[in-house]
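Undergrad: Take a look at this one; I'll ask things after.
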Amino acid sequence: MTAVVLAAGGARRFGALKQVQPWRGRPLVAHVAAQALACPDIDRVVVVTGAEADRVQAALRASLPDAGLDVVMVEDWAHGQSRSVRAGLSAATARGQLAAVIFLLADQPGVTPELLSALAARHRATLAPVVAPRHAGRRGNPVLFDRATWPEFARLSGDIGARPIIEAHRRAIAWLDWPTPEVLHDIDTPDDYRE
């Protein structure tokens, strides 16, 4: 299985390039990528960059020099997250057959290898088109998409990511009830970062 880390955004609400902000001794994007690399169910990690791609890529190289990450740069990242999602899926599927891809947010440091393994196990058990974590009845991230959904990615546009695909498969989602709220939290503002 491949994990795609979405790290292309300009972080307007944060006011600085949050992907390279330190988190537990690493840049935030490297921390999230390292969690994916540590998951035994994931054999490849693609990181999608865009805004200040050189800085993000340099941070990844410095923090994870021998990790074997595949880094994809999205030139038109400012046109919305959907461009990054499509580029990530394209890179993930370029090397052959996969059953599913997990999309992670570079600003969600609470993701763990255990969570990623649980999503993969839920997919193996259900073969659902979408597998998503939830906590206290609210959908979280990261989200796994089965290969059956991939043709739908071509129709994505704007800054809404893959939400239309999740909504289209709402009744068929395999939910993973997660005991802790990390699946709901990402870092959008300096206050989020300090918490």
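Undergrad: Could you please find all residues in region 1-54 being touching a Lys or Arg at 6+ places or on another chain (Cβ under 7 Å) and not aliphatic (A, V, I, L, M)?
TA: The answer is Thr2, His31.
Undergrad: Ok, one more. Search region 68-86 for residues being closer than 16 Å to Gln19 by Cβ and of a type in the set (A, V, I, L, M), and hand back the single one that is farthest from the chain's Cα centre (by Cα).
TA: Among those that are closer than 16 Å to Gln19 by Cβ and of a type in the set (A, V, I, L, M), it is Ala78.
Undergrad: Restricting attention to region 129-147, which residues are within 19 Å of Asp41 (Cβ to Cβ) and surrounded by fewer than 20 Cβ atoms within 10 Å (Cβ to Cβ)?
TA: First pass over region 129-147, keeping only residues within 19 Å of Asp41 (Cβ to Cβ): 129-133, 140-147.
Once the filter is applied, which keeps residues that are within 19 Å of Asp41 (Cβ to Cβ) and surrounded by fewer than 20 Cβ atoms within 10 Å (Cβ to Cβ), region 129-147 yields only Arg147.
Undergrad: From the residues in region 40-78 that are surrounded by fewer than 18 Cβ atoms within 10 Å (Cβ to Cβ) and basic (Lys, Arg), which one is farthest from Ser157 (Cα to Cα)?
TA: Arg61
Undergrad: Can you list the strands (runs of 3 or more DSSP E) lying wholly within region 87-195 that have 1 or more residues being in contact with a Ser or Thr (Cβ under 8 Å, 6 or more places away or on another chain)?
TA: By residue number, 100-105, 130-135, 174-177.
Undergrad: If you don't mind, another one. Out of the residues in region 159-174 that are more than 21 Å from Leu98 (Cα to Cα) and over 17 Å from the mean Cα position of the chain (by Cα), state the one that is surrounded by the most Cβ atoms within 10 Å (Cβ to Cβ).
TA: Taking the candidates together, the pick is Ala168.
Undergrad: Restricting region 17-30 to residues that are in contact (Cβ under 8 Å) with a residue 40 or more places away in the chain and more than 12 Å from the chain's Cα centre (by Cα), which is nearest to Ser90 (Cα to Cα)? I'd like the intermediate steps shown before the answer.
TA: First, pick out the residues of region 17-30 that are in contact (Cβ under 8 Å) with a residue 40 or more places away in the chain: 18-19, 21, 23-24, 28-29.
Within this subset, residues satisfying the condition of being more than 12 Å from the chain's Cα centre (by Cα) are 18-19, 21, 23-24, 28.
Details: Lys18: 25, Gln19: 22, Gln21: 27, Trp23: 29, Arg24: 31, Leu28: 24 Å.
Once the filter is applied, the top-ranked residue is Gln19.
Undergrad: Output yes when any residue across region 21-39 is at pLDDT 95 or above, in contact with a helix residue (DSSP H, G or I) (Cβ under 9 Å, 6 or more places away or on another chain), in a loop (DSSP other than H, G, I, E, B) and surrounded by fewer than 18 Cβ atoms within 10 Å (Cβ to Cβ), and no when none is.
TA: yes
The values are calculated or read from the model by the stated rules, or taken from the named source; none is laboratory data. Computed from a prediction, not measured in an experiment: that's the story for all the values here. So basically every Cβ, Gly included, is an ideal-geometry build from the backbone, and we count neighbours across all protein chains shown.
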